[in-house]
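Trainee: One structure, pasted below without further comment.
The values are calculated or read from the model by the stated rules, or taken from the named source; none is laboratory data. Keep in mind that this is a model prediction, so the values were computed, not measured. Don't worry about glycine lacking a Cβ; one is built from the backbone with ideal geometry, like all the others, and counts go over all protein chains shown. SASA here: full protein model, heavy atoms, side chains in, ligands and nucleic acids out. Shrake-Rupley method; radii C 1.70, N 1.55, O 1.52, S 1.80 Å.
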Amino acid sequence: MKHDPLNDALSKINNAEENGKLECDIKPASKLIGRVLRVMQENGYLKRFEYVEDGRGGTYNVILNGNINKCKVIKPRWSVKNTDIEDYESRYLPAQGFGVLIMTTNKGVMDHSQAKSKGAGGKLLAYVY
C-alpha cells in the first residue's frame, strides 16, 4: 500500500461499491487522482467528489451512486496509439460500448472515446465499468 496512490484510490472506491457504501474518503489526494475522478464523474460512475484540505496532502470525499461494477488500474501503463485503442478496449472492457478506459494524453486525462475523437494517443491509466 502507498506505493501507487491511484491504485489505492480505485481499490478503495471498488471496495466501497462492493460493500454498498454511499461515500468514501481517498487520501492522499493528487492532481492525477482528481482528474481520474473527474472523468469517472463525467461518465456517470460517481455522483460528485470534493477536495478537502487537511494539512497532510488533502483528501477527496467521493459520493458514489452505485454504478460501478469494477474499476482497476492498468499496470504496466501501456503506451497506446490512436489506432490501437480498440484493441485495448476489447482486452480490458467486457463489451463494446460498455465501460471506459481512462488515458493520459498530451491533451489531458480523458476517456478512450474522447481520445479517439481528438486523434490523441497516450498511456492507459485505468478502466471502469
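Trainee: Taking the range 1-57 as the region of interest, what is the percent of Cα-Cα pairs per 5 angstrom bin, listed from the shortest bin to the one with the maximum distance?
Mentor: Per 5 Å bin, starting at zero, the Cα-Cα P(r) for the range 1-57 comes out as 4, 18, 29, 30, 16, 4, 0 percent.
Trainee: Okay, moving on. Please sort 19-25, 89-95, 34-40 by packing, taking for each peptide the average over its residues of neighbouring beta carbons within 10 angstrom, highest first.
Mentor: 34-40, 89-95, 19-25
Trainee: Which of VAL73, ILE85, THR104 sits closest to the plus end of the dipole of the range 41-106, meaning its Cα is farthest towards the positive end, when Lys and Arg get +1 and Asp and Glu get -1 on the C-beta?
Mentor: With unit charges placed on the Cβ atoms, the residue in question is VAL73.
Trainee: What percentage of the solvent-accessible surface of the chain, computed with a 1.4 Å probe over protein heavy atoms, is contributed by carbon and sulfur atoms?
Mentor: Details: 3320 of 7350 Å².
So the carbon and sulfur contribution to the accessible surface is 45 percent.
Trainee: How much length is gained on full extension from ARG77 to ASN61, taking 0.36 nm per residue of separation minus their Cα-Cα distance?
Mentor: Details: separation 16, 0.36 × 16 = 5.76 nm, distance 2.61 nm.
My answer for the length gained is 3.1 nm.
Trainee: Then there is this: Give me the extension gain from LYS118 to LEU32: residue separation times 0.36 nm, minus the current Cα-Cα distance, reported in nm with one decimal.
Mentor: 28.9 nm
Trainee: When you have a sec, figure out the Kirkwood radius of the chain from all distinct Cα pair distances and drop it here in Å to one decimal?
Mentor: On the way: mean 1/r = 0.0673 Å⁻¹.
Taking every pair of different Cα atoms in the chain, averaging 1/r and inverting gives 14.9 Å.
Trainee: From Cα pairs below 8 angstrom and at least 6 apart in sequence, can you work out the relative contact order of the range 47-100, rounded to a whole percent? Intermediate values should be presented prior to the final figure.
Mentor: Numbers: 27 pairs, mean separation 10.7, N = 54.
Computed value for the range 47-100: 20 percent relative contact order.
Trainee: Follow-up question, since we're still on this one. What residues qualify as long-range amide H neighbours of ASN65, i.e. H under 5 Å apart, gap of 5 or more or another chain, H built at 1.01 Å from N?
Mentor: Residues meeting the amide H criterion: LYS47.
Trainee: Related question: What are the ³J(HN,Hα) couplings of the range 44-57, residue after residue, when phi is run through the Karplus curve with 6.51, -1.76, 1.60 and θ = phi - 60°? Round to Hz, x for glycine and proline.
Mentor: So the Karplus estimates, Gly and Pro as x, are x, 8, 10, 6, 6, 8, 9, 8, 10, 7, 10, x, 10, x Hz.
Trainee: Determine the per residue accessible area of the chain with all protein chains present and a 1.4 angstrom probe, expressed in square angstrom. Write out the running numbers ahead of the final one.
Mentor: On the way: 7350 Å² over 129 residues.
Roughly 57 Å² per residue, with all protein chains present.
Trainee: Can you list the HN-Hα couplings for the range 33-43, worked out from phi with the Karplus curve (6.51, -1.76, 1.60; θ = phi - 60°), rounded to whole Hz and with x for Gly and Pro?
Mentor: Listing the rounded values in order: 4, x, 6, 5, 5, 5, 5, 5, 5, 4, 8 Hz.
Trainee: Once you have the Cα-Cα distance between ASP54 and ASP4, take 0.36 nm times their residue separation minus that, and quote the gain in nm to one decimal.
Mentor: On the way: separation 50, 0.36 × 50 = 18.00 nm, distance 2.06 nm.
Contour length minus the Cα-Cα distance gives 15.9 nm.
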